[in-house]
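Heads up, the thing below is written out as structure tokens.
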Amino acid sequence: MSNFTDFSTTAKGITLKKHLEESHKDLHQWFLLYQECLVAGLDQSAIRTLEVFEQILVFHLTFEDQWLLKDALSTTRWPITVYRKEHEKLEAALSKLKRKTADYLTFSGRKKRHALISLIEDQLRFYHLMEHHEEREEQDLFLFMPDLSASLWVVPYKKLLDSFLSFKENTVRQLDNLQ
Ligand SMILES: [Fe+2]
Ligand SMILES: [Fe+2]
């Protein structure tokens, strides 16, 4: 018989799990916006969008590192070190993506188009890494998280997202107006 408490079944646990899963969806949306800006030729917006994505990702990873991966959770299917390593991998892959995006903007003509094709391959690799990590969390780690109050996450996270709201609205408006 199991000797641990499944905190995902408590009210607080369910709420925090739901909010962290929502944040995974936010990350997907910002990543798609970054890709769309690139394809649409809105180079500066693409750079800014990737910066925003990075800030949200770092905030998300830091929260998980601090609150979910700190205690020795012997109950998760995957060891905590697997999650920590994946966080490091995501940050390294994102740094590479940022470098390649900055390089891409310095090119023109065919060189730029070829660089875009190569960049899309890197984006796909990063996206799959992120998706795989999130699936693991949602099916394992989040089921065994400590019984934390959701406001610990919701309040600062909402503040962070709100600070990007007008940029997001302007960018979406620009994209909507393109043919
Ligand atoms: Fe994570
Ligand atoms: Fe996560």
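Checking residue 66 against (1) modelled with pLDDT of 95 or more; (2) surrounded by fewer than 14 Cβ atoms within 10 Å (Cβ to Cβ), which single condition isn't satisfied?
(1)
Which residues, taken from the stretch 137-151, are away from ligand 2 (no atom under 15 Å from the Cβ) and acidic (Asp, Glu)?
Passing the criteria: only 147.
Give me the residue from the stretch 61-86 that is free of Cβ contacts under 8 Å to residues at least 40 places away in the same chain and in a helix (DSSP H, G or I) and, out of that set, farthest from ligand 2 (Cβ to nearest atom).
By that ranking, first place goes to 81.
Given (1) more than 11 Å from ligand 2 (Cβ to nearest atom); (2) without any contact (Cβ under 8 Å) to a residue 60 or more places away in the chain, identify the lone condition not met by residue 52.
(2)
What single numbered condition from (1) out of contact with any helix residue (DSSP H, G or I) (no Cβ under 9 Å at 6 or more places or on another chain); (2) away from ligand 1 (no atom under 16 Å from the Cβ) fails to hold for residue 139?
(2)
Within the group 152, 42, which residue is modelled with pLDDT under 95, surrounded by 14 or more Cβ atoms within 10 Å (Cβ to Cβ) and more than 13 Å from the chain's Cα centre (by Cα)? Break it down stepwise before answering.
Values: 42 fails: modelled with pLDDT under 95.
Result of the check over 152, 42: 152.
Based on what the data block shows, is residue 58 within 16 Å of ligand 2 (Cβ to nearest atom), assigned to a helix (DSSP H, G or I), of a type in the set (A, V, I, L, M, F, W, C) and over 30 Å from residue 166 (Cα atoms)? Give the derivation first.
Numbers: within 16 Å of ligand 2 (Cβ to nearest atom): yes; assigned to a helix (DSSP H, G or I): yes; of a type in the set (A, V, I, L, M, F, W, C): yes; over 30 Å from residue 166 (Cα atoms): no.
No.
Scan the stretch 33-50 and give yes if some residue there is part of a helix (DSSP H, G or I) and within 11 Å of ligand 1 (Cβ to nearest atom), otherwise no. Let's see the steps before the verdict.
Let us first name the residues in the stretch 33-50 that are part of a helix (DSSP H, G or I), namely 33-40, 43-50.
Those still in the list that are within 11 Å of ligand 1 (Cβ to nearest atom) too: none.
For the stretch 33-50, residues part of a helix (DSSP H, G or I) and within 11 Å of ligand 1 (Cβ to nearest atom): absent.
Pick out the one residue from 122, 103 that is modelled with pLDDT of 95 or more, assigned to a helix (DSSP H, G or I) and touching a Lys or Arg at 6+ places or on another chain (Cβ under 8 Å). Can you show your working first?
Values: 103 fails: touching a Lys or Arg at 6+ places or on another chain (Cβ under 8 Å).
None of the other options fit; the residue is 122.
Exactly one condition in (1) crowded, with 18+ Cβ neighbours inside 10 Å; (2) closer than 23 Å to residue 23 by Cα; (3) among the β-branched types (Val, Ile, Thr) is false for residue 101; which is it?
Unmet condition: (2).
Listed here are the residues, each with its yes/no results for (1) modelled with pLDDT under 90; (2) crowded, with 19+ Cβ neighbours inside 10 Å.
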site	(1), (2)
2	yes, no
8	yes, no
17	no, yes
35	no, no
46	no, yes
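The rows are residues; the columns are (1) within 17 Å of residue 24 (Cα to Cα); (2) in contact with a Ser or Thr (Cβ under 7 Å, 6 or more places away or on another chain).
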| site | (1), (2) |
| --- | --- |
| 76 | no, no |
| 79 | no, no |
| 99 | no, no |
| 117 | no, no |
| 135 | yes, no |
| 138 | yes, no |
| 141 | yes, yes |
| 164 | yes, no |
| 178 | no, no |
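The values are calculated or read from the model by the stated rules, or taken from the named source; none is laboratory data. What you see is a predicted model; the values in this text were computed from it and never measured. Note that each Cβ is placed from the backbone with ideal geometry, even for glycine, and that neighbours are counted across all protein chains shown.
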